[in-house]
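> Quick one: the structure is below, questions incoming.
The values are calculated or read from the model by the stated rules, or taken from the named source; none is laboratory data. Predicted model, so just to flag it, every value in this text is computed and none were measured. All Cβ positions, glycine included, derive from the backbone under ideal geometry; neighbour counts span all protein chains shown. With ligands, DNA and RNA removed, areas are computed over all heavy atoms of the protein, side chains included. Shrake-Rupley method; radii C 1.70, N 1.55, O 1.52, S 1.80 Å.
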Amino acid sequence: MGRKRKGRDISGWLVVDKPAGMTSTAVVNKVRWAMDAKKAGHAGTLDPEATGVLAVALGEATKTVPYITDAQKAYTFTVRLGQATNTDDAEGEVISSSDARPSDEDIKQALTPFLGDIMQVPPKFSAVKIDGQRAYKLARDGEDVELTARPLWVEELILVDRPDEDHVVLEMTCGKGGYVRSIARDLGEALGCHGHVRELRRIWSGPFEAEDGLTVEQIDEMAKTTALDAYLHPLETGLSDLPELKCTPEGATRLRNGNPGMVLASDVEYGDEAWASLDGKAVAVGIYKSGELHPSRVFVS
């Protein structure tokens, strides 16, 4: 038998305002330690130097992580014009430079092709896997990394500030899998001046906002006390993009046993993904078919 994991059976979401210089994994480990939680994970990795909202799931809420990962996210970021780096951010080495500096109007016009459904090549220094290995590891080893373009939905990309001729501040709302570093790189190429990300902040992710997040210092101050519990969002928050279906106690029992359970449906259609609740608490996520929810994920109450 495997060893039983120690810690509290606590479930919910804790929103952290991640500081620069800390990995997403380190933030999760900090939260797990501070709350003495058995299980924790996060939705959507942030680069170590990036800041902003990192939603940490605890306990049963980890089963809702895919729905936050798939949700839209918004970023504000500063692009350094005139320089391209091998990592597409300020941590890398400058590999190309240019004295050209586009006007604000040039930048606004160049942003239009990045809207809607686009194809994006991830940075060579990214966690994308190539033949089972992370691209960043291959790149660090000096290998010539070739990554294929991936689809991305960009809802909004706007110019919000131009502090000086070398820098431009942009705000972007996009779907799953967006690389801000790739946007900065490709925008620089489109403008004929090169570019890389100087600063990056995720301002919201799905239902979670950075302004509601706790700092690492606050987490440290409340660590190992129940004070942090007051900042937990219910696991149901992670299901906010899915329709909710009420179920009877009998239906809930069937669902918790992994069987289809009867639900009360209104505006869902056959084949839609939804979640069932009993007294406001999540019971299961699954596919709606003819008055029943066929569970794919079941929550332990």
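> With all protein chains present, how much of the accessible area of segment 1-106 (probe radius 1.4 Å) comes from carbon and sulfur, to the nearest whole percent? Before the final figure, lay out the partial values.
On the way: 2220 of 4750 Å².
The value for segment 1-106 is 47 percent carbon and sulfur by accessible area.
> I've got another one for you. What GluC sites (Glu not before Pro) does segment 40-109 have in DSSP loop regions with at most 11 other beta carbons within 10 Å?
Working: sites: Glu49, Glu60, Glu91, Glu93, Glu105; in loops: Glu49, Glu91, Glu93.
Loop-located and lightly packed - Glu93.
> Based on the Cβ-Cβ distance from Ile95 to Arg134, what FRET efficiency comes out when R0 is 22 Å, to the nearest 0.05?
Values: r = 21 Å, r/R0 = 0.94.
Computed FRET efficiency for Ile95 and Arg134: 0.60.
> If I take R0 = 22 Å and measure r between the Cβ atoms of Thr148 and Asp117 in this structure, what FRET efficiency does the formula 1/(1 + (r/R0)^6) give, to the nearest 0.05?
It comes out at approximately 0.85.
> Rolling a 1.4 Å sphere over the protein heavy atoms, what is the accessible area per residue of segment 175-242, to the nearest Å²? Walk me through the numbers before you get to the answer.
Details: 3180 Å² over 68 residues.
I get 47 Å² per residue for segment 175-242.
> Follow-up. Taking a 25 Å limit on the Cα-Cα distance, which of the listed pairs Lys6/Lys63; Lys124/Lys176; Lys73/Lys224; Lys176/Lys289 fall beyond it? Mind showing how you got there, number by number?
Values: Lys6/Lys63 19 Å; Lys124/Lys176 18 Å; Lys73/Lys224 31 Å; Lys176/Lys289 27 Å.
Long pairs (Cα-Cα over 25 Å): Lys73/Lys224; Lys176/Lys289.
> Which residue, Gly195, Gly92, Gly12, tops the fluctuation ranking in a GNM of the chain built on C-alpha contacts under 10 Å?
Gly92
> For Ser96, list long-range residues whose amide hydrogen, built 1.01 Å from N in the peptide plane, is under 5 Å from its own amide hydrogen.
The list, which skips near neighbours in sequence, is Ala84.
> Give me the extension gain from Ile158 to Lys224: residue separation times 0.36 nm, minus the current Cα-Cα distance, reported in nm with one decimal. Show your work: numbers first, answer last.
On the way: separation 66, 0.36 × 66 = 23.76 nm, distance 4.22 nm.
Once the chain is fully extended between Ile158 and Lys224, it gains 19.5 nm.
> Using a Gaussian network model of the chain with C-alpha springs under 10 Å, which one of Thr69, Thr237, Thr248 is most mobile by mean-square fluctuation?
Among Thr69, Thr237, Thr248, the largest mean-square fluctuation in the Gaussian network model of the chain belongs to Thr248.
> Quick one: which residues, 5 or more positions from Arg150 or on another chain, have an amide H under 5 Å from its amide H? H modelled 1.01 Å from N in the peptide plane, none for Pro or chain starts.
Those lying under 5 Å, H to H, from Arg150 are Gln120, Val121.
> So, one more: Would you kindly calculate the mean projected area, averaged across all directions, of the convex hull enclosing the Cα atoms of segment 61-130, in square nanometres?
Values: hull surface 29.4 nm².
The orientation-averaged projected area of the Cα hull of segment 61-130 comes to 7.3 nm².
> Given R₀ = 22 Å, FRET efficiency for Asp267-Asp70 by Cβ-Cβ distance, to 0.05? The partial results should precede the final answer.
Numbers: r = 21 Å, r/R0 = 0.93.
My answer for the efficiency is 0.60.
> Additional query: In whole angstrom, how far apart do the alpha carbon centroids of segment 48-63 and segment 268-298 sit?
One Cα centre to the other: 25 Å.
> Which of the GluC sites (Glu not before Pro) found in segment 222-296 are in a DSSP loop and have at most 16 neighbouring Cβ atoms, other than their own, within 10 Å?
Numbers: sites: Glu236, Glu244, Glu250, Glu269, Glu273, Glu292; in loops: Glu269.
Qualifying residues, ordered by number: Glu269.
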